[in-house]
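Where a number appears in this text, it was derived from the coordinates with a stated rule and is not lab data. Since the model is a prediction, treat every value here as computed from it, not as a measurement. Here Cβ is always computed from backbone atoms with ideal geometry, including for glycine, and neighbour counts include all displayed protein chains.
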Ligand code: NAI
């Protein structure tokens with residue numbers, strides 16, 4: 001049963017029991033209405049307590065029902081809340097823990113509410129591109145006041161119950177329990193108290209009947225719109241939250257409910273909402289590996305070692321220190337260790353300065369860090385992550401040494417970005433313990449972690465590192481072994497298109513502007529300058545050997561020959577002023593591109609922003625389709641996660657695969673066919689990947 005019914009003397013207790021968070025799925029909703037009916041029919045019952053078992057009162061809608069007919073099947077949440085309101089016997093919500101979204105809306109429908117301290121209370125719908133849809137925007141302002149309610153609804157952030165209970169004049173909680181442990185008893189007592197109070201048949205209190213006004217009215221909502229509008233540029237929902245809360249102050253309750261409903265339904269169909277819901281589900285789906293069951297036993301990771309204290313080694317180390325896991329860093333020379341530690345300290349000190357980290361926390365974290373020059377000191381580590389130079393010979397030496405010293409069962413991970421993880425595994429006698437952990441720079445900041453599964457990587461190693469990823473607050477996505485894994489393999493095609501666009505008539509600034517207007521955090525040329533153009537140069541030099549037939553624009557090589565590597569040299573596609581990140585267009589670079597174009601006999605043409613965006617984004621999509629077909633990624637949504645979390649793809653578009661789905665795969669392929677006819681582009685690349693062609697033929701989508 002997803003909702004249990006029990007009678008304690010004269011009080012009926014309905015306990016939501018739908019793990020993990022008592023989502024208000026169909027069975028749970030039925031359980032509540034059945035419980036209410038039983039209680040109201042039982043003469044011995046005088047009042048009702050509605051509470052939750054386990055980790056939550058209720059986390060709101062059951063995400064497993066998202067997009068299924070069950071989500072809307074009667075009784076829907078609105079009818080459940082109405083049934084609660086209409087109960088002839090008083091209903092007391094007893095909140096011992098999380099009350100979010102529909103869970104909070106349900107509590108707001110109850111006649112009385114009691115909470116334990118420490119509960120997380122929120123209306124987080126805005127994070128999914130929605131507004132609360134079961135009265136949250138109409139009832140919360142009535143119990144908390146307009147401003148506090150609007151803050152919660154627009155931010156979607158959880159607030160602690162004791163903080164809410166301390167707001168002057170609040171009517172959200174009639175009573176606070178002394179502790180979560182005493183809540184059940186105190187809720188029964190409150191139920192008995194209110195039963196006695198209403199024994200005379202006096203009306204039960206309803207939130208809908210409370211007044212709702214803001215003393216400044218229009219002026220306040222004008223201010224709120226200015227603030228919210230400025231901060232939520234590409235998302236319609238936050239401003240709609242303001243509209244809905246304003247309606248609570250200007251309309252009658254039922255009209256306000258109707259208004260909320262209309263907004264909710266309209267938002268549901270916006271691409272932004274679809275994108276946010278997709279990302280929400282994709283993030284959860286990414287942690288699941290099709291052939292690794294969720295009950296796969298995991299290895300205990302209590303201590304970690306990191307080899308190499310350079311750019312990546314330092315950032316990777318910080319992730320573990322932040323999560324309270326001790327790290328031992330190994331380098332070849334003491335100076336390298338000193339430099340690595342100094343950088344970590346500098347990063348933490350910047351956080352302390354900005355007030356993002358408390359000084360004592362900083363010291364606690366540093367206390368978890370130790371260093372060594374001796375591999376024998378690593379033997380107690382449960383996992384080691386290698387982040388040394390990107391050179392197979394160096395990796396070979398390191399992994400042979402690790403194979404000698406690491407204890408049995410230790411996980412041996414490599415942060416390589418381009419090398420073959422299977423080959424690295426073959427340097428050890430335990431390839432089943434070897435895995436790729438591809439962090440992104442800066443590793444202490446970027447959310448993405450590509451987990452590279454080697455041909456022999458053990459399932460429990462996969463399960464363990466996915467768990468570790470969660471612990472260090474990364475979005476871990478599994479990739480098979482291939483050159484560039486998911487993210488960089490796709491970005492190479494995108495970069496190639498960027499080059500062709502220059503050859504054909506664009507400037508770097510024009511390309512960057514167009515794709516940034518589409519929503520990317522940074523265009524390909526600004527990104528090249530940030531990452532270092534020499535990295536792409538090294539990869540291309542390799543490609544010229546491996547794939548001599550592959551077409552590339554030469555402009556990027558010409559740029560590198562001038563030593564314009566990007567921000568680190570103060571000059572790349574753009575110029576940079578020391579200490580600033582502004583990209584300043586450079587005439588010399590533009591002339592270099594023009595001269596190269598001339599040498600190829602190309603007459604420049606004006607290229608529209610639309611063409612720029614389509615060529616860049618669809619190049620990602622076509623390569624991604626190959627990646628899916630080859631099984632490098634197990635689902636399209638994993639690719640979307642990689643691009644949202646690691647490559648600055650616009651969140652409100654949901655990732656390249658969802659975007660392609662929304663444009664329509666038929667239209668995507670039509671555009672590709674057009675691009676294939678351009679003699680200056682790469683016709684072979686634009687052949688739709690077989691999977692893509694198949695989906696179009698079958699009228700299907702990626703997601
Ligand atoms: P880095 O040059 O900043 O650091 C490498 C460090 O490894 C140096 O401090 C060096 O002294 C040390 N080292 C070299 N050989 C060693 C050995 N045999 N034993 C112990 N320490 C040794 O390089 P970075 O950028 O940190 O890259 C490290 C790895 O991470 C490479 O495999 C790279 O491909 C990968 N990576 C780099 C990214 C980036 O954006 N920089 C992104 C993702 C992965």
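When the Cα convex hull of the stretch 487-698 is projected onto planes of every orientation, the mean area is 11.6 nm².
Here the relative contact order of the chain, from alpha carbon pairs under 8 Å that lie six or more residues apart, stands at 9 percent. A helix-only calculation puts the chain at -15000 deg cm²/dmol for mean residue ellipticity at 222 nm, using -39500 (n - 2.57) for each DSSP H run of at least four residues, averaged over all residues. Computed on the stretch 304-479, with alpha-carbon pairs under 8 angstrom and 6+ residues apart, the relative contact order is 21 percent.
Gyration tensor over the Cα atoms of the stretch 197-243: the corresponding equivalent ellipsoid has semi-axes (square roots of 5 times the eigenvalues, largest first) of 37, 14, 6 Å. Between the helical axis of 311-322 and the dominant principal axis of the chain, each derived from Cα atoms, what acute angle in degrees is found, rounded to the nearest 10? So the inclination is approximately 20 degrees.
Taking only the alpha carbons of the chain, we obtain Rg and Dmax values of 29.0, 96 Å in that order. With 0.36 nm allotted per residue and the present C-alpha distance subtracted, the residue 333-residue 233 stretch has 31.1 nm of extension available. In plain terms, the residue of 265, 385 with the fewest other Cβ atoms within 10 Å comes first and the most crowded comes last, giving 265, 385. As an equivalent ellipsoid, the stretch 136-177 spans semi-axes of 16, 12, 8 angstrom, where each value is the square root of five times an eigenvalue of the C-alpha gyration tensor, largest first. Here the stretch 183-308 is described by how far its Cα atoms reach on the three principal axes: 68, 47, 30 Å, from widest to narrowest.
Sorted ascending by nearby beta carbons within 10 Å, beginning with the fewest, 269, 573 become 269, 573. Cα centroids of the stretch 277-316 and the stretch 129-176: how far apart, whole angstrom? So the two Cα centres are separated by 35 Å. Put in line by how crowded their Cβ is, counting other Cβ atoms within 10 Å and starting with the fewest, 119, 560 read 560, 119.
With Cα atoms as the point set, the radius of gyration and Dmax of the stretch 299-426 evaluate to 14.7, 46 Å.
Compared with the dominant principal axis of the Cα atoms in the chain, helix 587-599 is inclined by about 60°.
Modelled spin labels at residue 157 and residue 401, positioned 7 Å past Cα toward Cβ, are 4.5 nm from each other.
Within the stretch 576-646, all pairs of alpha-carbon atoms sorted by distance into 5 Å bins from zero give the percentages 3, 12, 12, 13, 15, 13, 14, 14, 6, 0.
With R₀ set to 60 Å, the beta-carbon distance separating residue 295 from residue 88 gives a calculated FRET efficiency near 0.85. Expressed to the nearest 5 percent, the antiparallel share of DSSP beta bridges inside the chain is 30 percent. What ratio of Cα Rg to 2.2 N^0.38 Å holds for the stretch 3-268? Working it through for the stretch 3-268, the quotient is 0.96. In this rough spin-label picture, where each label sits 7 Å from Cα along the Cβ direction, the residue 170-residue 595 distance is 6.8 nm.
Distance between the 7 Å Cα→Cβ label points at residue 394 and residue 349: 2.7 nm. For the stretch 454-588, the equivalent ellipsoid derived from the Cα gyration tensor has semi-axes of 31, 20, 14 Å, listed largest first. Based on every Cα atom in the stretch 522-604, Rg and the maximum pairwise Cα distance Dmax equal 13.4, 41 Å.
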